[in-house]
Amino acid sequence: MGVNDIIHFDFMDPPPIQTLVHAMETLYALGALDEEGLLTRLGRRMAEFPLDPTLSKILLAAVDLSCAEEILTIVAMLSVETLFYRPKDKAAEADQKKSKFYCPEGDHLMLLNVYEAWKRNKFSNPWCYENFLHARSLRRAQDVRKQILQIMDRHKLDIVSAGKNWNKVRKAIVSGFFHHAAKKDPQEVAPYPLHPLASPPRPLPQPLSSPPLPPRPDVAAGLPHALRRHPLLHSSLLRPVQQEPGDGHLSRACDYHQR
């Protein structure tokens, strides 16, 4: 649309400034915006996909990591609503069926297992019924996958399978979902978010002898310079807080997959 200054754009019904800030902060952390708040080359590639920016990012990261085949399926499965259902009169049986798809590497790979099992059973509706899966949701995921595949083919992106190298798949996922990452508190009180975009953990009761949780990182530090200078951003949301030495946040954690 050619709108470079979204903050000053004359919306007919302008969204709250905090919403705009959070959206641009997320895009900046994903590498879609530069220091001036303009689209990067990666951001333009992400915009080609009719997906949430986080999903677009992991899809493009998967191309570089040679695991696009698996991530393509995972992204499609994340684009639909509830897959499993659990009738009250058959709860134990439903749980047992669901456990067949369990993957120790994470729930995202469990979604991949579900789709691949459905594929091996020739996309059968009776198979979905036997495994307490919503056939309509899986059909929707299949349609989404086909649409994304067409876009990737149009842009000549390599779709390669990682085989059983789940670390590649997990690195691709982390490249977009880094704001969901957390580290365990030494006192085992609550998880502590690694990135300022993550919501702070809900406070839990602590023994009197336990030290307090470390403060959240400075949110403003993760913003493009164009946003830091904006006069409307002097709010409690962006007020700097002191952090302990050596406890820096991941301002560009989306580059994790390059490690």
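The values are calculated or read from the model by the stated rules, or taken from the named source; none is laboratory data. What you see is a predicted model; the values in this text were computed from it and never measured. Ideal geometry is used to build each Cβ from the backbone, glycine not excepted, and the neighbour counts take in all protein chains shown. When the accessible area is computed, the model is the full protein with side chains, heavy atoms only, and any ligands, DNA or RNA have been set aside. Shrake-Rupley method; radii C 1.70, N 1.55, O 1.52, S 1.80 Å.
Just a yes or no: is a residue in region 136-143 surrounded by fewer than 19 Cβ atoms within 10 Å (Cβ to Cβ) and either among the hydrophobic types (A, V, I, L, M, F, W, C) or more than 25 Å from the chain's Cα centre (by Cα) (or both)? The answer is no; no qualifying residue exists. All of Lys171, Lys156 fail the test of being modelled with pLDDT of 80 or more, part of a loop (DSSP other than H, G, I, E, B) and either over 15 Å from Ser56 (Cβ atoms) or of a type in the set (A, V, I, L, M, F, W, C) (or both), apart from Lys156. Condition test on Glu116, is it in a helix (DSSP H, G or I), of a type in the set (D, E, K, R) and farther than 17 Å from Gly163 by Cα? When the stated conditions are applied, Glu116 does not pass them.
The set of residues from region 110-135 being surrounded by fewer than 19 Cβ atoms within 10 Å (Cβ to Cβ), aliphatic (A, V, I, L, M) and touching a helix residue (DSSP H, G or I) at 6+ places or on another chain (Cβ under 7 Å) comprises just one member, Ala135. Mind checking whether some residue in region 41-59 is open to solvent by 70 Å² or more (accessible area, probe 1.4 Å), in a helix (DSSP H, G or I), touching a Leu at 6+ places or on another chain (Cβ under 7 Å) and within 19 Å of Leu157 (Cβ to Cβ)? Checked region 41-59: at least one residue is open to solvent by 70 Å² or more (accessible area, probe 1.4 Å), in a helix (DSSP H, G or I), touching a Leu at 6+ places or on another chain (Cβ under 7 Å) and within 19 Å of Leu157 (Cβ to Cβ). Filtered by the rule that a residue be of a type outside the set (Gly, Ala, Ser), in contact (Cβ under 8 Å) with a residue 40 or more places away in the chain and part of a helix (DSSP H, G or I), region 61-101 gives Val63, Asp64, Glu69, Glu70, Ile71, Leu72, Thr73, Ile74, Val75, Met77, Lys90.
Can you name the condition, by its number, that Thr82 falls short on among (1) among the hydroxyl-bearing types (Ser, Thr, Tyr); (2) more than 30 Å from Leu27 (Cα to Cα); (3) open to solvent by 50 Å² or more (accessible area, probe 1.4 Å)? Failed condition: (2). Note on region 85-106: residues that are closer than 27 Å to Ser161 by Cβ, of a type outside the set (Phe, Trp, Tyr) and surrounded by 12 or more Cβ atoms within 10 Å (Cβ to Cβ) amount to 5. Taking residues in region 38-52 that are in contact (Cβ under 8 Å) with a residue 12 or more places away in the chain and of a type in the set (Phe, Trp, Tyr), and partners anywhere that are surrounded by 13 or more Cβ atoms within 10 Å (Cβ to Cβ) and not in a loop (DSSP other than H, G, I, E, B), the pairs with Cβ atoms closer than 8 Å and at least 6 places apart or on different chains are Phe49/Leu55; Phe49/Ser56; Phe49/Leu59; Phe49/Ile148; Phe49/Ile151. Could you tell me whether Lys90 is among the basic types (Lys, Arg) and touching a Cys at 6+ places or on another chain (Cβ under 9 Å)? No.
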